[in-house]
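Here is the structure we will look at.
Just so it is clear, none of the values below were taken in a lab; they were calculated from the coordinates. Source: prediction; values computed, not measured. No Cβ is skipped: glycine too gets one built from the backbone with ideal geometry, and neighbour counts run over all protein chains shown.
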Amino acid sequence: MTEQITAPRRETLHLGLVLGGIAFFVALMLSVVNSVTAPIIEQNTKEQEVIAFSALFPDATDFKEASPGEPDLTPSASTAYQDGVLLGVVVTATPRGYGGEMELLIGFDTGLRVTGIQFISTSESPGIGTKVQEESYWGQYIGQSEFDGVDAVTGATVSSKAVKSGVTAASELAMAILAQEVQ
């Protein structure tokens, strides 16, 4: 007993095959576009990273990736050199502020003093929370290796504490990296 496919079932099967073919074609095109654009995106990301690192160490001629522990478990860090001489370390920190995770680049010289802070991304409240991005706040860290004297931004205590915890954690990582480099 063979059952014949009725017209509505045949139409549903036909539509399913057409939609499946379209989905396959779109997925194939996305993979082709991704394979073409991925290297370009990676190159642009590296260039933007060098620009941000250079803002923290303007005299640096070379940056090298560094990690004192498991690369998958520790934040990213790079050492900065000028003609082969170690200038310091740039550490990426991702503290959690009031609005969510922030991404910061913090530079430390070989004496573990902060050379600069770059805000890569934040989700802090516009107006109050974003005041931590102003030089009047983050400038307090410049030249410091101890952060107890850094004043929080009034009304943005959570954001201020997040930046401070990020700088403190980055300082510890920078210390470990510099200890490795000196050996």
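Taking the mean number of other Cβ atoms within 10 Å as a proxy for protection, how do you rank 99-109, 134-144 from highest to lowest?
99-109, 134-144
At a Cα cut-off below 23 Å, give the lysines reachable from K46, other chains included and same-chain residues fewer than 8 away excluded.
Within the straight-line limit of under 23 Å, K46 reaches these lysines: K64.
Could you check the spin-label model distance between E65 and I128? Points 7 Å from the Cα along Cα→Cβ, value in nm.
Those two pseudo-labels are separated by 4.0 nm.
So if each residue of separation counts as 0.36 nm, and I subtract the Cα-Cα distance between E101 and R9, what length gain in nm does that give?
Additional length available on full extension: 28.0 nm.
By how many degrees, between 0 and 90 and to the nearest 10, does the Cα long axis of helix 157-182 differ from the longest principal axis of the chain?
It is inclined by approximately 80 degrees.
Show which aspartates and glutamates lie in cross-link reach of K161 when reach means a straight Cα distance below 12 angstrom and same-chain residues fewer than eight apart are skipped.
Answer for K161, where 12 Å is the Cα cut-off: D148, D151, listed by chain and number.
Using label points projected 7 Å from each Cα along Cα→Cβ, tell me how many nm separate V33 and Q180, to one decimal.
For the pair V33/Q180, the computed spacing is 3.9 nm.
From the helices alone, meaning DSSP H stretches of at least four residues, give me the mean residue ellipticity at 222 nm for the chain, per-run term -39500 (n - 2.57), in deg cm²/dmol to the nearest 500.
Theoretical 222 nm ellipticity from helices: -15500 deg cm²/dmol.
Over the chain, consider all pairs of different Cα atoms and compute the Kirkwood hydrodynamic radius from their mean reciprocal separation; express it in Å, one decimal.
Working: mean 1/r = 0.0514 Å⁻¹.
Evaluated over the chain, this radius sits at 19.5 Å.
So which residue, out of V91, V33, V50, gets the largest mean-square fluctuation from a GNM of the chain using Cα contacts under 10 Å as springs?
Result: V33 has the largest fluctuation of those listed.
Rounded, prolate or oblate for the range 28-130? Axes are the square roots of the Cα gyration tensor eigenvalues, ordered a ≥ b ≥ c, and the cut-off for rounded is a/c under 1.5.
Cα axes put the range 28-130 in the oblate bin.
Using only Cα atoms and rounding to the nearest 10 degrees, what angle (0 to 90) does helix 7-56 make with the longest principal axis of the chain?
With rounding to tens, the tilt is 20 degrees.
Y141: net charge of surrounding residues, Cβ under 14 Å, Lys/Arg +1, Asp/Glu -1, itself excluded?
Computed value for this residue: -3.
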